[in-house]
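**Student:** I'd like to ask some things about the structure below.
Every number in this text was worked out from the coordinates using simple rules, so none of it is lab data. A quick note: this is a predicted structure, and the numbers were derived from the prediction, not measured. Neighbour counts run over all protein chains shown; Cβ positions are idealised from the backbone, glycine included.
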Amino acid sequence: MTFKHNFKKVLSATAFAAALVVAPAANVSAATNDASSTQQSATATSQDQAASQSSAANQSSATAASASASTSTSSATSTSTVKKTTKKAKKTTKKSKKKTSKKKAVKKVAKKTTKKKATKKAKKTSKKSTKKTTKAATAAVTASAGQSQATDQQDDAAKKAAEAAAKKAAAAKKAAAKKAAAKKKAAAKKKAAAKKKAAKKSAEKAAKYWIAMRESGGYYTARNGSCYGRYQLLISYLGGDLSKKNQERTADRYVYGRYGSWVNAKRFWLAHNWY
């Protein structure tokens, strides 16, 4: 009913618009009457069409119902087939999953075993390596200790040798100093002795000269009775040799033999006016 009503409205509006466009303003009323008759005619026509369409619609509904029943049957069959296929696919998938799971488990076990073996082997290798390293380190430490001990011994020996050398050098230096001191002392002593001797000699010479001047005035030919020469010795002492050389030699022998020195002879002379 709604379809028919709408269709009438559409036809009326169309006819009215056409009348307004074609007819002049003075004939609006006539056009309206014509439109009304046309509308009635269109309404009749539309009623016929609606009836025809209703019949077609009923027929289409019947066909659709038949098709729907057919489709339902086909759908039920298809659904059953799909269910079977799905079930089969699930079973296949389940089996595949089981197989995959088994394979994975086997692989996991193999991997775990391999890993354990590798770990064990690595531990053994590490242990061996550690042992070797420890042994090498111990050997190195022992060698180092031995070398250090040898070095210490060498150092001790070198130190002792250095100390011995230092002691020896000190002793040699001390001995050299002592020797030098002794030598210096001996030289000083010798010098002193030489000086003393020189002084003594000088004193002896002076005393001898002093006596000679008192006895003969220094003349080798002076004579006083049985005494002759520079030192007025007995002629018998000269043994017949009146030479200057023999007089000097005989006078020294006489004085050293009797007084020990010319100095002592002078002292005696001073005390007795003769010697």
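**Student:** Among 266-273, 222-229, 236-243, 153-160, what's the highest-first ranking by average C-beta atoms within 10 angstrom per residue?
**Tutor:** Numbers: 266-273: 13.2, 222-229: 15.0, 236-243: 11.6, 153-160: 10.0.
In decreasing order of mean packing, 266-273, 222-229, 236-243, 153-160 become 222-229, 266-273, 236-243, 153-160.
**Student:** Which links in Lys103/Lys123; Lys185/Lys205; Lys112/Lys132; Lys87/Lys115; Lys95/Lys120; Lys84/Lys108 stretch past 31 Å when you go from one Cα to the other? Write out the running numbers ahead of the final one.
**Tutor:** Values: Lys103/Lys123 29 Å; Lys185/Lys205 29 Å; Lys112/Lys132 29 Å; Lys87/Lys115 40 Å; Lys95/Lys120 36 Å; Lys84/Lys108 35 Å.
Result: Lys87/Lys115; Lys95/Lys120; Lys84/Lys108 exceed 31 Å.
**Student:** For a 31 Å ceiling on Cα separation, which of these pairs sit above it: Lys160/Lys190; Lys94/Lys121; Lys191/Lys266; Lys168/Lys197; Lys190/Lys266? Walk me through the intermediate numbers first.
**Tutor:** Working: Lys160/Lys190 43 Å; Lys94/Lys121 39 Å; Lys191/Lys266 27 Å; Lys168/Lys197 41 Å; Lys190/Lys266 28 Å.
Distance filter (> 31 Å) returns Lys160/Lys190; Lys94/Lys121; Lys168/Lys197.
**Student:** Full-extension gain between Ser243 and Lys116, please, as 0.36 nm times their residue separation minus the C-alpha to C-alpha distance.
**Tutor:** Numbers: separation 127, 0.36 × 127 = 45.72 nm, distance 13.83 nm.
Length difference between fully extended and current span is 31.9 nm.
**Student:** Also, I was wondering about something else. Hey, what do the phi angles of segment 177-194 turn into as Karplus ³J(HN,Hα) couplings, whole Hz, using 6.51/-1.76/1.60 and θ = phi - 60°, x for Gly and Pro?
**Tutor:** Computed from phi, the couplings for segment 177-194 are 5, 5, 5, 4, 5, 5, 5, 4, 4, 4, 5, 5, 5, 4, 5, 4, 5, 5 Hz.
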